[in-house]
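In what follows, a structure is listed as structure tokens, so that the remarks can point back to it.
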Amino acid sequence: METALSHAGSYASLQAPRLPVSADAMRRAAGTDAVDDGKVGAATRETLRKKASEFEEVFIGQMLTPLFEGIEVDDTFGGGHGEEMFRSMLTQEYAKQVNRRGGFGLADSVYRELLRAQEMSHGQG
């Protein structure tokens, strides 16, 4: 009878997948900056990229907020309005960290749509 332990040796040679270090590395690997065809300047593209990232950060914060609403308050160390303010700030910081580590990938889609809209407005002007 074979068990999972008898196969453990064959799995030891498998390597863990290598993930990109940052969201920038993922964008370069996916080629998402290649959407631009030259109608929009570099400064505008950078502004659009920043705004898309900020949008994703706010979105992540909104997604994380309900997770903390269900946590009971420990009367020994907290409670009241101070803890409510702290939790919202903590949620914002969590959202920033998730976004800095690559986020959900929403910023790339938002960036492409913002860039497309900006290019269309330059084409009409």
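The values are calculated or read from the model by the stated rules, or taken from the named source; none is laboratory data. What you see is a predicted model, and the numbers here were worked out from it, not measured in a lab. Cβ sites come from the backbone with ideal geometry, for glycine too, and all protein chains shown count toward neighbours.
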Report, by residue number, each residue of region 52-72 that is under 13 Å from the mean Cα position of the chain (by Cα) and of a type outside the set (S, T, Y).
A52, E54, F55, E56, E57, V58, F59, I60, G61, Q62, M63, L64
Filtering region 23-61 down to residues that are hydroxyl-bearing (S, T, Y) and touching a helix residue (DSSP H, G or I) at 6+ places or on another chain (Cβ under 8 Å), which residue is modelled with the highest pLDDT?
S53
Right, R49: of a type in the set (D, E, K, R), surrounded by 13 or more Cβ atoms within 10 Å (Cβ to Cβ), assigned to a helix (DSSP H, G or I) and in contact (Cβ under 8 Å) with a residue 40 or more places away in the chain or not?
yes
For region 69-103, how many residues meet the condition of being aliphatic (A, V, I, L, M), without any contact (Cβ under 8 Å) to a residue 24 or more places away in the chain and in a helix (DSSP H, G or I)?
3
